[in-house]
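Each remark here refers to the structure printed beneath this line.
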Amino acid sequence: MTNYDITVVGAGPIGSTYAYKMAKQGYDVALFDMKNRIGQPLQCAGLVSTNICGTKNLPKQFIDNEVRGANLYSPDNNSIRVGKDKTVAYVLDRVMYDKYLFDRAQDAGVDAHLGERVLDVDMDNTIIKTIDRKYSSRLITISTGPTCHTSEKMNPEIKNDSFLGLQYTVRTDNVDTDYVNLSINKQLLPGFLWEIPTSPSTKRVGLFTKGSYRDAEKLLKNRLNVNDRIIEKHNGLIPRFNSKRKIVQNNTILLGDAAGQVKPTTGGGLIAGFTCAEIASLNSNKMLEEENNKYLLDYEKQYHKRYDNEFKAQQNVQNIIEDMEEDDFNYMFKQLKEYDVDKIISEHGDMDSQTPLLKELVKTGIIFKLVPKIGVRRLKNIWKSL
Ligand SMILES: Cc1cc2nc3c(=O)[nH]c(=O)nc-3n(C[C@H](O)[C@H](O)[C@H](O)COP(=O)(O)OP(=O)(O)OC[C@H]3O[C@@H](n4cnc5c(N)ncnc54)[C@H](O)[C@@H]3O)c2cc1C
């Protein structure tokens, strides 16, 4: 049996970043991925707010495009534009970016095991098993994305707790590279449709949904314009946030999508994942230095402290949205315009943290004008989580 300080299962962006951070601290780290080619196939729209710069994980060469805001469309095709007069988000080349993060980990000394699927994690003995080998370590970090047997072992009640994400890369004419388009469709709620410009002639058109692949595909194809030519198709799972999900057991932790560390309203997981990789690496270091796994529980606590309020508020919004009818949205868009809410969204909106905007809408009472069906009890739920 081969021994390491740390085995990391899953060389997506979050697992590779965590492995890199641990190797830089001098630990003997092994990083496993069942794929041979990291980053492929693409399973992401690649949209991240400029807050990603704070994580110090993004060299500029992986930015395909910069956007200043979004056009939001109601079911009856009314729209409002929100944004700023500067870049608010980047569109990334996720394939090359994932590869870069993986190469960076290897360059820092991580021992990479590509094409090696981990079949089981023995959390009592801190051993992982592949088809023909076993590896022991002092700490196991699982960053396998949303389909994670280990997460199910820790949280037996969590099954199928994910949305489906489906996306086409499309070649087309006259793409407005400054704005993303987001559209509401009753069939997808609480999901939505997106169009993300990657260049003047290409965009990513996608959606996320609780529904079936077949229905999603039908909807997405209907969404395309006559000049849109599909050049690639991708799909993947987006985990649902669950504040009760356990992410630590003995000397094993979950990280990134495997831990459900994604924004509930959009399914975006890169920035939250990078932030959690930093929290996990600091606590993993203490755990290994002091041989005390209480620090892994500190990782869990610090993650909840950092994200629970924000994600619960987003989940409350999602629950309200899920119950709305198309007419409610059409009405809401009319009210948005009448009360100049586009200006409030542009000023207080933040892709990663929606509580400042919610606070403003609750404080001014505008939220009741937008969503007449919202009851006092539900408003209290939002208020409590702010
Ligand atoms: C359609 C779609 C669009 C998205 N758009 C955005 C977006 O615009 N912005 C954003 O921030 N986020 C977006 N996301 C979410 C984002 O892609 C994820 O949050 C991010 O990839 C999570 O990274 P990760 O490293 O945790 O997991 P992953 O990227 O899922 O990587 C997991 C890795 O683990 C490997 N693995 C799995 N099981 C095993 C095993 N048993 N043994 C060995 N290896 C294994 C996999 O091969 C994979 O390489 C999107 C997701 C989808 C599906």
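Trypsin sites (Lys or Arg not before Pro) within the range 87-194: which are DSSP loop residues with at most 10 other Cβ atoms inside 10 Å? Of the trypsin sites (Lys or Arg not before Pro), the ones in loops of the range 87-194 whose Cβ has at most 10 other Cβ atoms within 10 Å are K159. Put simply, the amide H of Y4, placed in the peptide plane, has neighbours under 5 Å in S136, S137, R138, leaving out anything fewer than 5 places away on its chain. Within the listed set G365, G206, G12, the residue fluctuating most in the Gaussian network model of the chain (springs between alpha-carbon atoms under 10 angstrom) is G365. Along the range 125-137 the Karplus relation, 6.51 cos²θ - 1.76 cosθ + 1.60 evaluated at θ = phi - 60°, assigns HN-Hα couplings of 10, 6, 10, 10, 10, 9, 4, 10, 9, 10, 10, 10, 7 Hz to successive residues, with x for each Gly and Pro.
Centroid-to-centroid, using Cα positions, the range 305-332 and the range 223-268 are 18 Å apart.
How would you rank 354-360, 36-42, highest first, on the average number of other Cβ atoms within 10 Å across their residues?
Working: 354-360: 17.9, 36-42: 15.4.
Sorting 354-360, 36-42 by mean packing, highest first, produces 354-360, 36-42.
Normalised by the number of residues in the chain, the average gap of Cα pairs under 8 Å and 6 or more apart makes the relative contact order 18 percent. Distances between placed amide hydrogens fall under 5 Å for N65 paired with V91, all partners being 5 or more residues away or on another chain.
Mean sequence separation of contacting Cα pairs (under 8 Å, at least six apart), scaled by the length of the range 108-207, corresponds to a relative contact order of 18 percent. Highest mobility in the GNM of the chain, judged by mean-square fluctuation with C-alpha springs under 10 Å and restricted to P75, P146, P264, is found for P75. Among the trypsin sites (Lys or Arg not before Pro) within the range 201-257, which fall in a DSSP loop and have no more than 12 other Cβ atoms within 10 Å of their own Cβ? Within the range 201-257, the qualifying trypsin sites (Lys or Arg not before Pro) (loop, at most 12 other Cβ atoms within 10 Å) are K244. For the range 306-314, 3J(HN,Hα) computed residue by residue from phi via the Karplus equation (6.51, -1.76, 1.60; θ = phi - 60°) reads 6, 10, 4, 4, 4, 6, 5, 4, 5 Hz, glycine and proline entered as x. Note: relative contact order over the range 1-121, using C-alpha pairs below 8 Å and six or more positions apart, is 38 percent.
For the chain, the spread of Cα coordinates along the three principal axes comes to 66, 47, 38 Å, biggest extent given first. Computed extension gain for I231 through N51, at 0.36 nm per residue and net of the alpha carbon distance, reaches 61.8 nm.
For the range 21-67 versus the range 120-193, the inter-centroid distance based on Cα atoms is 15 Å. For F163, the residues 5 or more places off, or on other chains, whose built amide H falls under 5 Å of its own are I238, R240. Modelled spin-label separation between Q302 and E290, with each label point placed 7 Å from Cα along the Cα-to-Cβ direction: 1.2 nm.
Between the helical axis of 270-290 and the longest alpha-carbon principal axis of the chain there is an angle of about 30 degrees.
Evaluating 6.51 cos²θ - 1.76 cosθ + 1.60 at θ = phi - 60° for every residue in the range 202-214, the Karplus couplings come out as 9, 8, 9, 10, x, 7, 10, 7, 8, x, 7, 4, 4 Hz, glycine and proline recorded as x.
For the listed peptides 60-68, 26-34, a ranking on the average number of other beta carbons within 10 Å per residue, highest first, reads 26-34, 60-68.
Bear in mind these aren't lab numbers, they're just calculated from the coordinates by the rules spelled out. Predicted, not measured: the structure shown is a model, and the values here were computed from it. Here the Cβ is made from the backbone with ideal geometry for all residues, glycine too, and neighbour counts use every protein chain on show.
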